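One structure is given here, and the rest of the page talks about it.
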Amino acid sequence: MKLLTYKTTTSEPRLGFLHNNQVVDMEDFGESVNFPLPSDMLELIDMGLEVIPEINEFLSEIDAESLAEVSYSMDEITIFAPIPTPRKNIIGIGLNYTEHVAESARTLDTTGKLPQKPIIFSKPPTTVTGTNTNILLNKKLTQQLDWEVELAVVIGKKGKYVAKEDAMNYVFGYTVINDISARDCRREGQWIVSKGQDT
């Protein structure tokens with residue numbers, strides 16, 4: 001199921017899902033099938049993946065007219081980040097594949113060798129913006145703003161010291177992140193400054 005956060009011209013950001021090129025409002029859909037569902041992505045994550053098959057079952061049973069009443073076309077909505085305000089920082093893994101290691105050696109004066117341990121950095125919730133929103137450029141901070149399209153893993157439940165073989169049990173889903181960096185700050189070793197600016 002493809003989930004998203006969206007808003008109409010008259011609503012606050014709300015949780016929806018894609019179905020036949022339409023955006024179905026999650027909470028309104030739940031009301032139409034008498035199955036309470038949240039209006040917020042974080043609330044759905046808290047419910048757990050177990051609810052998704054139930055939603056799909058109701059979706060297979062609802063009539064087209066009732067579904068249309070809780071759906072929007074793509075041109076009626078604005079898409080936001082899936083989780084507009086994360087509860088915690090976004091954790092990133094730097095130099096996480098070989099092609100990027102080679103590229104970084106050319107552009108960031110790194111050694112070009114795979115790190116023996118993961119390079120971990122974080123991005124605060126204030127770095128999150130929505131689809132087609134502007135990226136702020138602070139020219140006093142950087143002359144080399146850069147972007148990288150990254151796969152993001154959404155963790156769905158709490159865990160600590162999770163064994164590798166159990167890791168996927170904690171994954172709720174995936175999304176895409178445009179990782180914005182101030183490259184000249186990163187070159188000076190300032191990961192938080194480089195990766196942590198608004199947008």
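Every number in this text was worked out from the coordinates using simple rules, so none of it is lab data. These numbers come from a predicted model, not from an experiment. Heads up, the Cβs are rebuilt from the backbone with ideal geometry, glycines too, and the neighbour counts pull from every protein chain shown.
What the table below lists for this structure:
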read-out: Mean separation of Cα contacts under 8 Å (6+ apart) over length of the range 1-158, as relative contact order %; value: 22
read-out: The chain - Rg and Dmax from Cα coordinates, angstrom; value: 19.8, 60
read-out: Normalised alpha carbon radius of gyration of the range 3-80 [divisor 2.2 N^0.38 Å]; value: 1.01
read-out: Magnitude of the charge dipole, the range 3-80, Cβ model with Lys/Arg +1 and Asp/Glu -1, debye to 20; value: 300
read-out: Per-residue Cβ neighbour rank within 10 angstrom, fewest leading, 147, 191; value: 147, 191
read-out: Residues 44, 95, 59 arranged by fewest to most Cβ contacts within 10 Å; value: 59, 95, 44
read-out: Helix 98-107 vs. the chain, principal-axis angle (Cα, 0 to 90°, nearest 10); value: 50
read-out: Average Cα contact separation per residue, the range 3-80, under 8 Å, 6 or more apart, as relative contact order %; value: 40
read-out: Candidates 168, 74, 41, ranked by Gaussian network fluctuation over the chain, Cα under 10 Å, top entry; value: 168
read-out: Cα-based helix-to-principal-axis angle, 51-61 vs the chain, degrees rounded to 10; value: 40
